[in-house]
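The values are calculated or read from the model by the stated rules, or taken from the named source; none is laboratory data. If you're wondering where the values come from, they're calculated on a predicted model, not measured in any experiment. Cβ coordinates were reconstructed from backbone atoms using ideal geometry, including for glycine residues, and neighbour counts include every protein chain displayed.
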Amino acid sequence: MKEGNNGKIILPKELQKEMLKFFLKTSIPRKKQEKNRLLSEQKSDGSDKK
């Protein structure tokens, strides 16, 4: 781990890749499930009145 000249911490490229893979495997599928659940609840509760 290095500290850049502007005070930012710079992680090694390999660690950045691993963190991104972890995020893609965990957060995005969870958000998709949450969105699908909310959509199915809206459809099933009859609030889709025009």
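The table below gives the values:
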| item | result |
| --- | --- |
| Filtered residues of region 3-20 (kept if surrounded by 10 or more Cβ atoms within 10 Å (Cβ to Cβ) and assigned to a helix (DSSP H, G or I)) | LEU15, GLN16, LYS17, GLU18, MET19, LEU20 |
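Residue by residue, here is whether (1) among the basic types (Lys, Arg); (2) at pLDDT below 85; (3) part of a loop (DSSP other than H, G, I, E, B) holds:
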position: LEU24; (1), (2), (3): no, no, no
position: SER27; (1), (2), (3): no, no, no
position: GLU41; (1), (2), (3): no, yes, no
position: LYS50; (1), (2), (3): yes, yes, yes
